């Protein structure tokens, strides 16, 4: 599906570029290659989700004849502000941001550079300026499927959920997981729901491990790990428990603990970035866009096109996979509504 979308984008954008409509910088020149710059919220690390930002702008640059650059910030507001200013000074036509850390800058930085289009993933403000595009994901669609999956596989019927930060959007995702689980197992125990919070909610493996061990001690045998890099603590906890398994999130985390992480609720930010840039180049003035299963921006790893290479244990559960595929298609076609 993603390949088809990209081909359509290339055809559309090819026409636009031939007509010479792209003029994003304050001093456009005929021979100048438009720049798209991704600003990371922290220094370079091994976070595979943040890496999708670099992958996304690189894909877009190849498709739309742009120049892609990634800038890493010091892990504080001043560092992120500095790199956003650097991106503007370097003549970026589009600046992409990923991470809740940028939220406090969304109301000020875009207004100082009205000639630049800013794109932020999974964050927004109530009245975004016209040059800010907020991208959100219908994570609840894939989380509903993950809930079904967890309930179908659990032996004890006790399911646990470990999230990073409790926000209305994340709570909506957890609610969808619960609804999905109860759609196939009405008696499922879904009382074990905790949030890491604190100063490093997405990178606190010690707290995640402790929370997971507490759940395992109460006979929880399936944990939905939805806390970014903190998930590594969950995987460490389940590694020594023969009955315990987990569903990862955002990226494919099945290789982390062979046979223990059965599947993932994946967010394809690279795909979303390419789609957003296509929308901008085609003249869209939208300040908010939402992507989900239909657009290929979220998925369950086990039923994705590259599932065979994922190392996910769910591939051994063919009857479960068939139910997940059917439910996924029902959501995509609008026959099954997930709120």
task: For region 227-339, would you read off the P(r) tail past 22 Å as a percentage of all alpha carbon pairs?
output: 43
task: Name the most mobile residue of 302, 259, 248, meaning the one with the largest mean-square fluctuation, in a Gaussian network model of the chain with Cα contacts below 10 Å.
output: 259
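What ranking do 155, 42 get, fewest neighbouring Cβ atoms within 10 angstrom at the top?
Working: 155 10, 42 17.
By the 10 Å Cβ count, ascending, the order reads 155, 42.
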message: Taking a virtual spin label 7 Å from the Cα of residue 33 along the C-beta vector, which residues in region 71-91 bring their backbone nitrogen under 15 Å of it?
response: 91
message: Quick check: the angle from helix 168-184's long axis to the longest principal axis of the chain, C-alpha only, nearest 10 degrees?
response: 40
message: Can you tell me the length gained on complete extension of the stretch residue 165 to residue 206, counting 0.36 nm per residue apart and subtracting the Cα distance?
response: 13.2 nm
- request: Distance from a point 7 Å along Cα→Cβ of residue 107 to each backbone N in region 122-139: keep the residues under 12 Å and list them by number.
  value: 125-129
- prompt: Taking the chain on its own, what percent of its Cα-Cα pair distances exceed 33 Å?
  reply: 29
field: Additional length obtainable on full extension of the chain from residue 197 to residue 85, 0.36 nm per residue less Cα span
entry: 37.4 nm
task: Could you tell me the distance between the Cα centroids of region 246-262 and region 73-102, to the nearest Å?
output: 31
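Can you sort 172, 260, 288 by how many other beta carbons sit within 10 Å, fewest first?
Fewest to most other Cβ atoms nearby, the residues stand as 288, 172, 260.
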field: Ranking of 72, 285 by count of other Cβ atoms within 10 Å, fewest first
entry: 285, 72
- line: Cα convex hull volume per residue for region 104-151, in Å³, equals 81
message: Need one number: nm distance between label points at residue 284 and residue 45, each 7 Å from Cα along Cα→Cβ, rounded to one decimal.
response: 3.0
Most fluctuating residue given options 283, 163, 296, as computed from a GNM of the chain linking Cα atoms under 10 Å: 283
message: Once R0 is set to 45 Å, what does the formula 1/(1 + (r/R0)^6) return for the Cβ-Cβ distance between residue 126 and residue 337, expressed as a FRET efficiency to the nearest 0.05?
response: 0.95
- request: Any chance you could run the full-extension gain for residue 243 through residue 175? It's 0.36 nm times the residue separation minus the Cα-Cα distance, nm to one decimal.
  value: 22.0 nm
- line: Per-residue ellipticity at 222 nm attributable to helices in the chain (runs of n ≥ 4 DSSP H, -39500 (n - 2.57) apiece, nearest 500 deg cm²/dmol) works out to -12500 deg cm²/dmol
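A short reminder: the numbers here are calculations on the coordinates, not readings from a lab. In this text, all values refer to a predicted model and were calculated from it rather than measured experimentally. With ideal geometry, Cβ positions are generated from the backbone for all residues, glycine too; neighbour counts draw on all protein chains shown.
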